[in-house]
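Input: a single structure, listed below in structure tokens.
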Amino acid sequence: MYEELLEGAYDLHVHTGPDIPPRKLDDFEMAERVRKLGMKGFGIKSHYFCSAERARLTKKLYPDVNPIGALCLNYSVGGINPMAVEMAARDGAKIIWMPTFDAANELEYMFSRGSYDELPPWAKVLLDLKNQGKIQGGITVLKDGKLTPETLDVLDIIAQKNLILATGHLGRDEIYALVRAARERNIKKIVVTHPTFPSINLSKKEQKELAELGAYMEMCFGLIEPPYGPPWDYFYDLMRYLGPKHCILSSDLGQTNTPYPEEGLITFVTNLANNGFSEEEIRTMCVENTTFLAEG
């Protein structure tokens, strides 16, 4: 009934294949599903490699869909590696995620603060690497409380190329420092990646402060309800508190045991519509804001 609310939308956080963990669908099938629903496009997220070339191949087969390539700054691409960002941008990538599972904050959560009752696919890979003695110390963007020179170089490239900066699985202090520096560099496209995720766990007040600094808060369907996030009522209150102009809706789906990404988004917008959000508010979050990020 509410599928039409997704016409013209982007899902900027999709885990399609081929990738290292098994995925529910590949890039081509996702493009078909996006096209049938009338969505504009989707962001291809791999924790391991640049997905820009996958996006370009998908675009060749589905010219009326806009697949978006991305890069996560984990150890597999050299961590906070300005040259990797430069080459990814030249290859067509539009989203640069700061470290995800290799972030020092994430490793501390995984192995010191509690971990997850149900391991995400990337966490299973991480545990396998740990058992083989291949885990490194964790990546941080801070040294002595300040952003590292490499991080600042990455921000400069993002500003020059008009890319989307996403905060990945960094910790609170890192996110604040990064968002403030990005604002100083006039970076307009800043996304705080799933701020309710257990290892990040930003408060409503903290999210509001970051939104007022110019960042969008990413609300991910795959992280609503345990084991990966708070219940629906919390998200309804959170999005009302932040305001739709400061939020984007993503699926963060593609795992083999979850709904298809667009199915998750349909449920997302349906639940919002049935719980007091207007069609205009919903389209602001899933169409207007994501289109600005993808195309602006």
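The values are calculated or read from the model by the stated rules, or taken from the named source; none is laboratory data. On a predicted model such as this, the values are computed, not experimentally measured, just so you know. For neighbour counting, all protein chains shown are included, and Cβ atoms are generated from backbone atoms with ideal geometry for every residue, glycine included. To get the accessible areas, we keep the full protein, side chains included, count just its heavy atoms, and leave off ligands, DNA and RNA. Shrake-Rupley method; radii C 1.70, N 1.55, O 1.52, S 1.80 Å.
Any idea what Rg and Dmax come out to for the chain if you just take the C-alpha atoms, in Å?
17.6, 52
Quote the relative contact order of the chain in percent (integer), defining contacts as alpha-carbon pairs under 8 Å separated by 6+ residues.
Result for the chain is 20 percent.
Just to be sure I understand the curve: with the Debye formula and one point per C-alpha of the range 140-292, what is log10 I(q)/I(0) at q = 0.17, 0.18, 0.19, 0.21 Å⁻¹?
So the normalised log intensities are -0.99, -1.09, -1.19, -1.37.
With unit charges on the beta carbon (Lys/Arg positive, Asp/Glu negative), name the residue among N74, L37, L5 whose Cα is farthest towards the positive pole of the charge dipole of the range 1-101.
N74
If you scale each eigenvalue of the Cα gyration tensor by 5 and take the root, what three semi-axes come out for the range 1-103, rounded to whole angstrom and sorted largest first?
25, 14, 12
Restricting to DSSP loop positions (anything but H, G, I, E, B) with no more than 14 other Cβ atoms inside 10 Å of their own Cβ, which trypsin sites (Lys or Arg not before Pro) remain in the range 60-153?
Those satisfying the criteria are K134.
Could you bin all the Cα-Cα distances of the range 217-296 into 10 Å bins starting at 0 and give me the percent of pairs in each, rounded to whole numbers?
Calculated P(r), rounded to whole percents: 18, 55, 25, 2.
How large are Rg and Dmax for the range 184-249 when calculated on the C-alpha trace, in angstrom?
Gyration radius and largest Cα-Cα distance of the range 184-249: 11.5, 37 Å.
Pulled fully out, how much extra length does the chain show between F111 and R240, if you take 0.36 nm times their separation in residues and subtract their Cα-Cα distance?
43.0 nm
Considering amide H positions built from the backbone, and no H for Pro or chain starts, which residues 5 or more places from C247, or on another chain, come under 5 Å of its amide H?
It is M217, by chain and number.
Between D173 and E280, what's the calculated FRET efficiency when r is the beta-carbon distance and R0 is 41 Å? Round to 0.05.
0.70
Run the reach check for K60 against lysines, Cα to Cα strictly under 18 Å, same-chain hits fewer than 8 apart removed. What comes back?
K36, K40, K94
Multiply the residue gap between E86 and K204 by 0.36 nm, knock off their C-alpha separation, and tell me the result in nm, one decimal place.
Residue separation times 0.36 nm, minus the Cα-Cα distance, leaves 39.1 nm.
Using the beta-carbon distance between K143 and E212 and R0 = 45 Å, what value does 1/(1 + (r/R0)^6) give for FRET efficiency, to the nearest 0.05?
Here the calculated transfer efficiency is 0.95.
Which value in nm describes the separation of the simple spin-label points at L61 and E4, placed 7 Å from the Cα toward the beta carbon?
Label at L61, label at E4, 3.2 nm between them.
Please report the carbon-and-sulfur percent of the accessible area for the range 63-177; probe 1.4 Å, protein heavy atoms only, DNA, RNA and ligands left out.
47
Sequence-distant or interchain residues sharing an amide H contact under 5 Å with I164, placed H: which?
I95, I96
For the chain, give the magnitude of the charge dipole about the Cα centre (Cβ charges: +1 Lys/Arg, -1 Asp/Glu; no others), in debye to the nearest 20.
I would put it at about 620 debye.
Over the Cα atoms of the range 126-207, what is the Rg over Rh ratio if Rh follows Kirkwood?
1.02
Taking amide H atoms as placed 1.01 Å from N in the peptide plane, list the residues 5 or more away in sequence, or in a different chain, whose amide H sits under 5 Å from that of L253.
Those lying under 5 Å, H to H, from L253 are H15.
Please give the per residue accessible area of the chain, computed with a probe of 1.4 Å over protein heavy atoms only, in Å².
41
How much length is gained if the chain between K134 and N162 is pulled fully straight, taking 0.36 nm per residue apart and subtracting their Cα-Cα distance, in nm to one decimal?
6.6 nm is the gain from fully extending K134 to N162.
Let me see the P(r) profile for the range 56-189: every Cα-Cα distance counted, bins of 5 Å, each bin given as a percent of all pairs.
Per 5 Å bin, starting at 0, the Cα pair percentages come out as 2, 10, 18, 21, 17, 14, 11, 6, 1, 0.
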